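Chemist: The structure that follows is given in the form of structure tokens.
The values are calculated or read from the model by the stated rules, or taken from the named source; none is laboratory data. Everything numeric in this text was worked out from a predicted model, so none of it was measured. Every residue, glycine as well, gets a Cβ built from its backbone with ideal geometry; the counts of neighbours run over all protein chains shown. Only protein heavy atoms, including side chains, enter the accessible area calculation; ligands, DNA and RNA are left aside. Shrake-Rupley method; radii C 1.70, N 1.55, O 1.52, S 1.80 Å.
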Amino acid sequence: MKEIKVQDAVGQILCHDITKIVRGEIKDAVFRKGHVITAEDIPELLKLGKEHIFVWENDETKLHENDAAEILRGITQGENLSASDVKEGKIELKATCDGVFHVNANKLNEINFVNEICIATVQNNIPVRKNKAVAAMRVIPLVIDKEKMVFVQKIAENAAPIMKIAPYKKFKVGLVVTGSEIYHERIKDTFTPVIEAKLKNFGLNVDERRLSDDSKAMTHEKITELIDLGCEMILCTGGMSVDPDDKTPAAIISTGADVVTYGVPVLPGAMFMLAYKGEIPIMGLPGCVMFASKTVFDLVLPRVLTGERLNREIFTKMGVGGLL
């Protein structure tokens, strides 16, 4: 790459995009990489503040920013992600379906630690809609050492691609609404509409619903009944606190389900429970899910709906950012 005065650049090949920015009107490349500069281009280049420009000189030890961006795309673009054309040295990745965005954060951090590398993403493990931009990448200079990009590829070796979208699966959902006050129709059930609204965001419904008083025996019975009916996910509302009258956690345990966690470092939602009866997730939802706009349930539900099997370590890490 050689720097020359604009007035001496006629006939030379531009080695990078040149962007024009007019506030409120335009931000785009007006001259693209590979453009052969003409005499008519000189006044416009000067208006853009370009007293000097860079033209391409072959150097086998260097890579152009566009070629480097393609390398970054190759190690990052995984399932259900589409890539934009490279523009001004940058490539974006977008979701091709609704789902949960996953990135190997450890590998991404290691790659970004390499000087002159830039890969930015949305937050890890969040639900995204189709066509949502989830990542963008580039290198900082116009040209970069080839050896540096080889090193970056080696970091990602055996882990690439390091990003993907996990799509949602269809679930038959069973709901157990606990509470003697609801079971005996002393008050109206206001929990079910909240659950229905949250499921609707993922194209799901409450397929089977059962009411239970506060007893461990009846809640156990209703959970088992829903499993026998073929429900693939069970949600239990209420009865999740440490109050001695709240028996829902004990009822879930009594089904023989394997408990992943009872209690999480997320607020609202600390009294949340997740267990698995074979492959069937069973969730105990604390009362805050009914009235708080965002709780631990909103963090967990999308990931469960992709078929991901959550473990204790995942919940432990939710404490960072867990104050909702």
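Chemist: Counting only Cα, what are the radius of gyration and maximum Cα-Cα distance Dmax of region 244-324, in Å?
Modeler: Both quantities, over Cα of region 244-324: 12.2, 35 Å.
Chemist: Taking just the alpha-carbon atoms of the chain, what radius of gyration and Dmax come out, in angstrom?
Modeler: Radius of gyration, then largest Cα-Cα span, for the chain: 27.4, 89 Å.
Chemist: Separate question: Run down the lysines and flag those whose C-alpha is under 17 Å from the C-alpha of K94, throwing out any fewer than 8 positions away in its chain.
Modeler: Output for K94: K130, K132, K164.
Chemist: Here's a follow-up. How much accessible area per residue does the chain have, in Å², with a 1.4 Å probe?
Modeler: I get 51 Å² per residue for the chain.
Chemist: Among DSSP beta bridges whose residues both lie in the chain, state the antiparallel percentage, nearest 5.
Modeler: 75
Chemist: Still on this model: State the percentage of accessible surface on the chain attributable to carbon and sulfur atoms; use a 1.4 Å probe and exclude ligands, DNA and RNA.
Modeler: It is 50 percent, rounded to a whole number.
Chemist: What is the sum of charges, Lys and Arg at +1 and Asp and Glu at -1, for the other residues whose Cβ falls under 12 Å from the Cβ of M271?
Modeler: Counting the neighbours of M271, the net charge comes to -2.
Chemist: Another question, then. With every protein chain present, what accessible area does T192 have (1.4 Å probe, heavy atoms only), rounded to the nearest 10 Å²?
Modeler: Accessible surface of T192 is approximately 10 Å².
Chemist: Here is a follow-up. Cβ under 14 Å from A292's Cβ, A292 left aside: what net charge do those residues give with Lys, Arg +1 and Asp, Glu -1?
Modeler: So the environment of A292 carries a net charge of +1.
Chemist: Starting from the residue with the highest accessible area, list L45, L323 in decreasing order, probe 1.4 Å.
Modeler: The ranking, largest first, comes out as L323, L45.
Chemist: Run down the aspartates and glutamates and flag those whose C-alpha is under 16 Å from the C-alpha of K294, throwing out any fewer than 8 positions away in its chain.
Modeler: Filter leaves E196.
Chemist: Also: Around E88, what is the net charge, scoring Lys/Arg as +1 and Asp/Glu as -1 over all other residues with Cβ under 11 Å from its Cβ?
Modeler: Residues close to E88 contribute a combined charge of +2.
Chemist: Return the sequence-ordered ³J(HN,Hα) values of region 122-137 in whole Hz as given by the Karplus equation 6.51 cos²θ - 1.76 cosθ + 1.60 applied to θ = phi - 60°, using x for Gly and Pro.
Modeler: 6, 4, 6, 6, 10, x, 9, 8, 3, 6, 6, 6, 10, 7, 9, 8
Chemist: On to the next question. Using a Cα-Cα cut-off of under 13 Å, which aspartates and glutamates could be cross-linked to K222, ignoring same-chain neighbours fewer than 8 residues away?
Modeler: Reachable aspartates and glutamates: E208, D213, D214.
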